[in-house]
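Participant: Please see the structure below; I have some questions.
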Amino acid sequence: VLPSKDPLDEPDFNSIDYINSLFPTEQSLSNIDEVVAKMENKICSIDNEISTVVRGQIAASQDGRQALDEAQKVIKQLFQHIKNIKEKAERSEEMVREITRDIKQLDCAKRNLTLAITTLNHLHMLVGGVDTLKLLTQRRLYGEIALPLQAISEVMTHFESYSDIPQIKSLSDQVRSIHVELADQITHDFKEAFSGNKNSVPNKQLAQACLVVSILDPKVKRDLLKWFVNLQLQEYNHLFQETEDTAWLDKIDKRYAWIKRHLLEFEDRLGNLFPQSWEVSERIAVQFCHNTREELSKIMSKRKSEIDVKLLLYAIQKTSTFENLLSRRFSGVTLNDDQESDTLNKSPFVGVIGDCFIPHLEIYIESIDRNLSDLIERFVQDCKQTQPTEATETQASILPSCPDLFVFYKKSMIQCTQLDNGQSMLSLTRTFQKYLHEYSEKLLQNNLPKIEAQSLGTSVQLLTRDLQKMSTSGLIQNFSSLLKEGEITRFTKEELAKICCILSTAEYCLETTQQLSDKLKEKIEPSLADQIDLSKEQDNFHKVISNSIQILVQDLENACEPALTTMSKIQWQNVDTVGDQSPYITAITTHFKTTIPIIRDNLSHSRKYFTQFCIKFANSFIPKFIQNIYKCKSINTEGAEQLLLDTHMLKTVLLNLPSISSQINRQAPASYTKVVTKGMTKAEMILKVVMTPVDPSKSFVEQYRKLLPECQLNDFCKILDMKSVKRQEQAVLVEVFKAYKG
């Protein structure tokens with residue numbers, strides 16, 4: 001267990017080896033006595049240690065046993081103490097129970113006595129109260145009945161658990177009989193009072209009777225109020241029955257005038273008859289609304305052909321005004337317990353009558369359709385005579401008809417929201433869609449100036465003839481005359497402004513249509529919001545914008561076409577010196593400086609579409625320029641250098657195209673710069689390949705592949721044609737091109 005260096009403790013101890021180690025030689029045997037003595041001393045020492053350990057172990061065992069005995073003794077004493085405490089607690093509890101037993105009996109007796117006294121008092125009240133109620137009922141002393149009737153009704157709830165006792169059941173039947181008798185008697189008194197009988201009950205007594213009715217079964221109150229409200233509306237039902245002239249929509253204001261006058265008379269004459277909590281005036285008004293809605297629905301169904309939009313809107317307006325008046329005058333609390341009422345709106349009376357007009361609102365939608373049709377036609381006529389609105393710092397120049405159209409839309413939407421935000425609003429949306437489409441076609445698309453199909457015809461023939469006769473010395477000097485002969489008809493400044501105006505108008509329509517869509521979804525019933533979709537109309541305006549940009553691009557391309565044609569017809573093999581940029585580049589630049597500022601100024605509020613125009617023009621013009629480079633055949637080195645110089649100058653102009661002739665030096669958009677750089681670099685690389693000797697053929701092909709890695713065999717052949725390489729040599733070069741693996 002413990003490490004030891006003594007050889008005797010080693011596990012593989014060998015006695016012979018150990019003795020040999022002690023006496024390695026014969027001479028060492030001379031001190032054998034000393035070694036033996038040392039061994040004996042060591043043995044004695046080990047024996048002493050063992051004896052000490054054994055004695056110590058015996059003492060420890062005795063101490064442990066003594067400690068355990070003492071602990072067990074203490075535990076026995078503790079257990080005895082706990083037992084004594086428990087016995088004392090049980091004796092105390094028994095003592096308390098004996099003390100409180102009498103108190104509990106007294107408390108129970110007290111509760112029973114109190115309950116008995118209370119029950120006897122209630123029974124006394126019930127017996128005496130029943131007799132009193134019978135007497136008061138016979139004498140119609142309603143003012144004195146209310147309180148005892150309320151008290152007896154409450155007392156009866158106390159005896160519900162005693163209903164199996166014959167005497168209690170008898171009293172309960174008598175109370176129920178009194179309730180029935182009072183209900184019949186009060187109802188009879190009311191009918192007598194309002195039958196025109198001179199011996200009718202005074203209003204004060206009826207007012208007291210109402211207090212009694214409030215205590216009776218709620219059905220008594222409902223039946224009484226239903227009879228009374230119908231009585232109040234008898235005259236109205238007679239005056240405005242459908243056979244009367246006053247029943248039609250043009251006299252609808254007379255209906256509302258009658259009820260307002262009648263309610264004022266009722267509150268003045270009978271306002272104090274009914275408790276305020278009964279809301280009798282409101283109940284009369286609510287029933288009037290229901291009767292009116294039913295009668296109007298029936299008469300409009302029968303005389304539908306006589307309804308026009310003017311009459312319909314007049315009736316709706318008068319009805320809406322009356323409903324708003326009711327909402328201000330009454331709380332609408334009685335609508336909750338009216339079985340025929342609709343769900344409460346934010347304003348409780350809104351639509352309570354007006355809902356009857358909803359099935360006929362298609363007349364209104366048809367009227368909106370006709371008005372919009374007339375409006376579009378007027379816009380078309382006005383567009384031929386009026387000028388676009390002036391541009392401001394915040395608004396581009398647009399057609400004046402555009403804001404007018406959306407103002408009409410806004411007013412129609414607000415009006416329809418007040419009439420119905422359900423199916424009628426959905427029908428109105430479809431009408432809006434119809435005329436947004438017509439506006440985009442008739443006012444925008446059809447008013448874009450047309451580009452007439454231009455043919456260079458005779459001019460090109462003359463150009464070709466003159467170019468063939470042209471001498472090398474007179475080549476550059478005659479560029480201007482060639483360009484003049486090739487000019488074609490272009491848009492005027494006013495026509496360009498008109499195209500930009502139509503583009504700006506389409507942009508305005510696009511943005512406003514999105515706002516219109518959002519507003520319609522907000523106003524219409526949530527369940528119908530998903531059916532609002534003006535994306536097709538927005539696509540139409542996108543189409544107008546795209547067409548406008550395309551027309552502007554095509555016009556500028558047409559302007560540059562004669563110059564490009566001139567470039568391709570020049571005898572480039574006769575050029576012997578490289579000078580400044582050629583006149584055809586100057587002509588193209590002049591067209592840019594003339595046209596771009598007009599478009600830029602007119603699209604100053606539509607920068608993204610001006611950028612789109614520039615990008616589309618670059619994407620269309622640069623490939624045409626490259627195609628015309630390919631047409632410059634039989635070109636010598638000087639001619640290629642001159643053409644490369646012209647190409648570089650054109651590239652510089654194109655990179656600055658968005659801000660050309662502008663006092664503000666604004667950096668061109670990165671998307672535009674990328675298009676120009678890629679396209680014009682290709683044109684420069686083509687010319688550099690043209691300037692490369694075809695011998696050796698492998699080097700020529702390598703240079704082509706290096707400068708024009710994306711170009712194919714067709715472009716390779718075009719370059720060979722520009723260099724006037726013979727067909728046999730072309731075949732060799734083509735084979736090298738095909739075999740080249742780079």
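Participant: Rounded to the nearest 10 Å², what accessible area does Lys678 have for a 1.4 Å probe in the complete protein model?
Facilitator: Here the accessible area works out near 140 Å².
Participant: What does the accessible area of Arg91 come to, in Å² to the nearest 10, when a probe of 1.4 Å is used?
Facilitator: The accessible area of Arg91 comes to roughly 140 Å².
Participant: Sticking with this structure for a sec: If you roll a 1.4 Å probe over the heavy atoms of the protein chains, what accessible area per residue do you get for the chain, in Å²?
Facilitator: Accessible area per residue, the chain: 58 Å².
Participant: In what sequence, largest accessible area first, do Met39, Met685 appear using a 1.4 Å probe?
Facilitator: Heavy-atom accessible area, descending, gives Met39, Met685.
Participant: Rounded to the nearest 500 deg cm²/dmol, what is the calculated helix-only ellipticity per residue at 222 nm for the chain, with -39500 (n - 2.57) per DSSP H run of length n ≥ 4?
Facilitator: It lands at -24500 deg cm²/dmol.
Participant: Using alpha-carbon pairs under 8 Å, 6+ residues apart, how would you state the relative contact order of the chain in percent?
Facilitator: 7 percent
Participant: I would also like to ask the following. Test of understanding: express the Cα radius of gyration of segment 645-727 as a ratio to 2.2 N^0.38 Å, with N the residue count.
Facilitator: Compactness ratio reported: 1.38.
Participant: Taking segment 546-691 as the region of interest, what is the percent of Cα-Cα pairs per 10 angstrom bin, listed from the shortest bin to the one with the maximum distance?
Facilitator: Result returned by the calculation: 11, 43, 31, 12, 2.
Participant: Considering only protein heavy atoms and a probe of 1.4 Å, how much of the accessible area of the chain is carbon and sulfur, as a whole percent?
Facilitator: 52 percent
Participant: In whole angstrom, how far apart do the alpha carbon centroids of segment 686-742 and segment 636-666 sit?
Facilitator: If we compute the Cα centre of each part, the gap is 27 Å.
Participant: Could you give the radius of gyration (one decimal) and Dmax (whole number) of the Cα atoms in segment 511-565, in Å?
Facilitator: 19.4, 63
Participant: Filter the chain for me: DSSP H helices, axial length by Cα at least 24 angstrom, mean Kyte-Doolittle hydropathy not below -0.5. List them by residue number.
Facilitator: 32-139, 142-158, 280-302, 309-329, 362-383, 401-419, 493-523, 535-569, 583-602, 607-630, 637-655, 670-690
Participant: Any chance you could look up the accessible area of Val676 with a 1.4 Å probe, heavy atoms only, rounded to 10 Å²?
Facilitator: Solvent-accessible area, nearest 10 Å²: 0 Å².
The values are calculated or read from the model by the stated rules, or taken from the named source; none is laboratory data. None of these values were measured; they are calculated from a predicted model. Note: accessible area is taken over every heavy atom of the protein model, side chains too, but ligands, DNA and RNA are not part of it. Shrake-Rupley method; radii C 1.70, N 1.55, O 1.52, S 1.80 Å.
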